[in-house]
Each structure stands twice: as structure tokens, then as C-alpha cells.
Amino acid sequence: MHACVIHAAQDLRVEEFTPSAPAPGEVAVTVALGGICGSDLHYYRHGRVGDFTVREPMVLGHEIVGHVAALGPGAEGPAAGTPVAVHPATPCDHCAECDAGRRNVCAGTRYLGSAARTP
């Protein structure tokens, strides 16, 4: 498959990408369509979004839809072939905010297609 990979400001490449098998608890999705949002444009134009700087090549695109390709060991979710929309945020599930049911304000959240943490 192909992916849009940002290497630095003004350095966006379409590259061949081989996805790995889903790890335990993960679900693999075959992407059908993806959107371009403001953060993608900032990564391209400036190599950063606020304090989050591209430090290594990173696949852009977190506003995606597709079909479930496979479930990793122990993963729960829709069966392979099911159409899905992907929510790009993954809270840590270990902090006080997550424990209190406020995963939406978790400071340790990782975002698909974001340099908010090292990609």
C-alpha cells in the first residue's frame, strides 16, 4: 500500500508502506479514504504543530475510514470486513484523569498521525 510520509517541512513523500500484523489488543484497518486536516497542513508547511515537531518520518493521516482487516490477539472489535471510522486518540488508561472516567483530558493521549509523542 502507499502512504503519505512527512520527513520534514516541505518534504512529503508517497512511499510504499507494509503494515505490520496487529499487536495484542490492536485492530488492523485497511484504509479506504483519508482526509487532510489542519495539523497535516502544518506538518507539511512548518514541520510542526505547536510544540510537536517531526523528529523522524511519520505517516500522515488520522481522519480515515476503511474496513477491519484483522484483530490482534485478545482484541475485541468488529469482525474482519466490517466498515469502520477510526477515532485517532488513544488515552493512556493509567493516569488520574483516565481512572476518573475523563479520558478526553488525558495528558498522555497518543494520536494517530501526530508527533505529539515520538511517532
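Miscellaneous remarks
- Hey, residue 97 open to solvent by 80 Å² or more (accessible area, probe 1.4 Å) and either at negative phi or among the hydrophobic types (A, V, I, L, M, F, W, C) (or both) or not: no
- Any hit, the range 27-50, residues being of a type in the set (S, T, N, Q), assigned to a strand (DSSP E or B) and exposed (fewer than 14 other Cβ atoms within 10 Å of the Cβ): no
- In the set (1) within 22 Å of residue 42 (Cβ to Cβ); (2) out of contact with any Lys or Arg (no Cβ under 8 Å at 6 or more places or on another chain); (3) surrounded by fewer than 16 Cβ atoms within 10 Å (Cβ to Cβ), residue 113 fails one condition alone, (3).
- Which numbered condition residue 90 misses (of (1) closer than 17 Å to residue 18 by Cα; (2) β-branched (Val, Ile, Thr); (3) open to solvent by 50 Å² or more (accessible area, probe 1.4 Å)): (1)
- Residues that are open to solvent by less than 60 Å² (accessible area, probe 1.4 Å) and either assigned to a loop (DSSP other than H, G, I, E, B) or free of Cβ contacts under 8 Å to residues at least 12 places away in the same chain (or both), drawn from the range 12-26: 22, 23, 25
- Residues that are among the charged types (D, E, K, R) and in a loop (DSSP other than H, G, I, E, B) were ranked within the range 68-103; the one that is nearest to residue 114 (Cα to Cα) is 93.
- Of all residues in the range 74-83, none satisfies being open to solvent by 80 Å² or more (accessible area, probe 1.4 Å) and more than 25 Å from residue 104 (Cα to Cα).
- Single condition residue 66 does not satisfy, out of (1) closer than 21 Å to residue 109 by Cα; (2) surrounded by 15 or more Cβ atoms within 10 Å (Cβ to Cβ): (1)
- Subset of the range 56-67 (residues that are small (Gly, Ala, Ser) and not in a loop (DSSP other than H, G, I, E, B)): 66
- Residue 77 vs. criteria more than 10 Å from the chain's Cα centre (by Cα), at pLDDT 90 or above and more than 15 Å from residue 32 (Cβ to Cβ): yes
- Residue count for the range 104-119, restricted to those that are part of a loop (DSSP other than H, G, I, E, B) and within 23 Å of residue 31 (Cα to Cα): 9
The values are calculated or read from the model by the stated rules, or taken from the named source; none is laboratory data. As the structure is a computational prediction, the values presented were derived from the model and not from experiment. Using ideal geometry, Cβ is built from the backbone for each residue, glycine included, and neighbour counts are taken over all protein chains shown. All accessible areas refer to the heavy atoms of the entire protein, side chains included, with ligands and DNA or RNA removed. Shrake-Rupley method; radii C 1.70, N 1.55, O 1.52, S 1.80 Å.
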